[in-house]
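Heads up, the thing below is written out as structure tokens.
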Amino acid sequence: MPKQINVALIGNPNTGKTSVFNALTGLNQKVGNYPGITVEKKEGVCKLPRGVKAHIIDLPGTYSLNASSLDENVVIELLLNKKDKDFPDVAVVVSDVENLKRNLLLYTQIKDLKIPTILAINMSDRMKYKGIQLDIPFLEKELHTKIALISTRKNKGIDQLKELIINFKELSTEPCVNASEVDSNYFDGLRKAFPNQLLYKLWLVISQDVNFGKTDRNEVDVINSFKTKSKADLKRLQQKETIKRYQFINNTLKIGQTIDLKSAKDLRIKLDRILTHKVWGYLIFFVILLTIFQAIYDWSSVPMDFIDSVFASLSELTKNSLPQGAFTDLIAEGIIPGLGGIVIFIPQIAFLFLFIAVLEESGYMSRVVFLMDRIMRRFGLSGKSIVPLISGTACAIPAIMATRNIESWKERLITILVTPFTTCSARLPVYLIIISLVIPEGRFIGLSYQALTLMLLYLIGFGAAIFSAWLLNKILKINSKTFFVVEMPNYKLPLFKNVALTVIEKTKSFVFGAGKIILAISIVLWFLASYGPGDEFNNAEDIVTTEYASQNLSDVELQQKIASHKLEHSFIGIAGHAIEPTIRPLGYDWKIGIALVSSFAAREVFVGTLATIYSVGSDEEETIKNRMAGEVNPITGGPLFNFASGISLLLFYAFAMQCMSTLAIVKRETNSWKWPILQLTIMTAFAYVVALIAFQVLK
Amino acid sequence: MNIIIQNILVFSTLGLALAFLVRKFFWKPKKASAKSCGGDDGCGCH
């Protein structure tokens, strides 16, 4: 018995595979990418009885081993490559008790690869509601396996699954279906040509359009040289194989599964009728959105204020406790305010992902995809484009990667180009701080103006995305065919554990992903704001003291004048003044200009940058929001962040392509610099014009 | 003495921060099996 067993979790999408993974691994899991590609790789460790450990890989959801997307490539490549360090000792095929027939297709294919396979039938708690009964001993006999009847919701059957994993050597590797019967002559020839190879592996290598990257290249080439049939003939054989498998599955389930429709209590159809209704469906979705944005504001205000004041006190404490000097200033004025600028948004980001996770877990998100398909089609996109657009509310990078399951190149390209318009979580800190400064706190029918503004910004982003899609659909002359299929999973109460793990994982990646960049940029900015060339900077004290000698300023006022003079003549001040003429018509000063430039690395850097710039030279304990609210426009004498400049900034961030990483991903996904450069130029120019008009009209 | 140490710490931290940013945005390790999915290159994803 090996001390560590490699286990692959395989299954159709929406079978609760990730819930099984979470139940087996708990917090002992990590998320990464498969080497060389950007498909998410989830792996974890599960402690089994008798001191044995299982290394579990949660493979991307797939309907069969006939791969049509990059995600499915990953599954097939792993199962065909025995040399892979992750090659499973045992495969666990997770299936949904309500969709056994469809799920068993994949199961029978994996069995043909002679990998010890366990069938885990999930969502068993729904059997009584659906009137389903299973003859487990019969199914085990026919399917040549052991079955674990599990319910991750009720935490049932997981121990039985662990027992089966630990005893995987007792599992039969006998196939369920003899696939070679679909063309005996062809398969006999194949068997004779490669007597030492597994027949079904040979067939998969020959019949798939997979770009085998990890499997031995020579081996694949030799096998492919046996393609004695045309591509169309191979496809026909593949279809025959699928029909044969379904015949076997139908015959097995005819005896092994009984469904009493009379005892089924199905709310699903009734709920679908309302939630996907052409009027009520949209209205309900709109109300849900409103509720989410209101809750984000109402629930997070207390923890946010607390975090803000903690960082202000921490900065003050550092200054008072450590010996005076440049490094102490760097920590108190650069690092702490910079980090505070990201940590403060944890409550709102966590609440946003909490709501998204609940909507996904409950099965409602698929209904939204279905609803939106009606709208998307009018703009030259399919419902599949809505998945990247909704994922874009978290981050444009995974969203752009999610376009890989769009078959039509034109639709995929358009989706890639317009996805950065959707409001990502990096825009959220910018929106929240500006909204809190320029939008009053009053309410309209119980909804705060601030929450309504935030929702409006999300709608503007989405509107800009679909309008651009419509425009691109008219301009781009690319011929391609498309189809849209979406699976509607059953409605279910979200599992707390799944939701919590999603929130923790997403919030962690937001804080640590952006946090490191913000910390580094805060350090560089503090340096640029605290050092400068020439006499104006080096002799600031003498210059300011002489200039204000006749005004009898207090010590505090004089120190503020010196700090302000130094900042203006620091490296950052000189750079800021150089770009100021370009941004002045938009209502911004040079400090905002610096924040705009630095936030090109990542949008959320904007708040941290302003927090750092405004902290340099200040001795007072002050929160980020108060520092920004106290900034004065030197020309008008009024607040720098007023309604006109605030709206202008919000619109600039809504439309501008302020993200280097997204541009890099677009370049990789389109394999050309042309598209990211066009995207950057058009989005930034559009953002500038809209922000300019907004400020000039509102000022 | 304190000022010299603090200045050394400041410039060391600045160097680390700059090195991190350069590595993050301008330096990418070569990946052996990286593939493009941008065109009809038979990768099977479009």
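Selection within the range A:481-515: residues that are at pLDDT 80 or above and over 30 Å from residue A:273 (Cβ atoms). The member of this set that is nearest to the other protein chains (Cβ to nearest Cβ) is A:508. Of everything in the range A:658-690 that is assigned to a loop (DSSP other than H, G, I, E, B) and over 20 Å from residue A:585 (Cβ atoms), the residue that is most open to solvent (accessible area, probe 1.4 Å) is A:673. A count restricted to the range A:339-379 and to residues that are outside any helix (DSSP H, G or I) and open to solvent by 20 Å² or more (accessible area, probe 1.4 Å) stands at 1. With the checklist (1) more than 20 Å from residue A:570 (Cα to Cα); (2) surrounded by fewer than 15 Cβ atoms within 10 Å (Cβ to Cβ) in hand, flag the one item residue A:547 doesn't pass. Among (1) more than 20 Å from residue A:570 (Cα to Cα); (2) surrounded by fewer than 15 Cβ atoms within 10 Å (Cβ to Cβ), the lone unmet condition for residue A:547 is (1). The number of residues in the range A:317-335 that are without any contact (Cβ under 8 Å) to a residue 60 or more places away in the chain and open to solvent by 10 Å² or more (accessible area, probe 1.4 Å) comes to 10.
If you go through the range A:58-99 and keep only what is among the polar types (S, T, N, Q), away from every other protein chain (no Cβ under 13 Å) and open to solvent by 10 Å² or more (accessible area, probe 1.4 Å), you end up with A:64, A:99. If only residues of the range A:494-523 that are more than 23 Å from the chain's Cα centre (by Cα) and touching a residue at least 24 places away in the same chain (Cβ under 8 Å) are counted, the one that is surrounded by the fewest Cβ atoms within 10 Å (Cβ to Cβ) is A:521. Residue count for the range A:25-38, restricted to those that are modelled with pLDDT of 55 or more and farther than 17 Å from residue A:502 by Cβ: 0.
Is it the case, given these coordinates, that residue A:286 is touching a helix residue (DSSP H, G or I) at 6+ places or on another chain (Cβ under 6 Å) and open to solvent by 30 Å² or more (accessible area, probe 1.4 Å)? So residue A:286 fails the test.
Any residue at all in the range A:306-316 that's more than 25 Å from residue A:454 (Cβ to Cβ), within 14 Å of another protein chain (Cβ to nearest Cβ) and touching a residue at least 60 places away in the same chain (Cβ under 8 Å)?
no
Being touching a Leu at 6+ places or on another chain (Cβ under 6 Å), crowded, with 18+ Cβ neighbours inside 10 Å, outside the structural domain of residue A:319 (by TED's automatic domain parsing) and within 28 Å of residue A:420 (Cβ to Cβ), is that true of even one residue in the range A:524-538? No: zero hits. Screening residue A:440 against (1) open to solvent by less than 20 Å² (accessible area, probe 1.4 Å); (2) modelled with pLDDT of 80 or more leaves a single unmet condition, (1). In summary, residue A:251 fulfils each of the numbered conditions (1) away from chain B (no Cβ under 14 Å); (2) in contact (Cβ under 8 Å) with a residue 40 or more places away in the chain with the single exception of condition (2). Of the helices (runs of 4 or more DSSP H) entirely within the range A:210-275, those holding at least 1 residues that are modelled with pLDDT of 80 or more and in contact with a helix residue (DSSP H, G or I) (Cβ under 7 Å, 6 or more places away or on another chain) occupy A:231-256, A:268-275.
The values are calculated or read from the model by the stated rules, or taken from the named source; none is laboratory data. Values in this document were obtained by computation on a predicted structure and should not be read as measured data. Here Cβ is always computed from backbone atoms with ideal geometry, including for glycine, and neighbour counts include all displayed protein chains. Quick note on the areas: whole protein, heavy atoms, side chains included, nothing else; ligands and nucleic acids left out. Shrake-Rupley method; radii C 1.70, N 1.55, O 1.52, S 1.80 Å.
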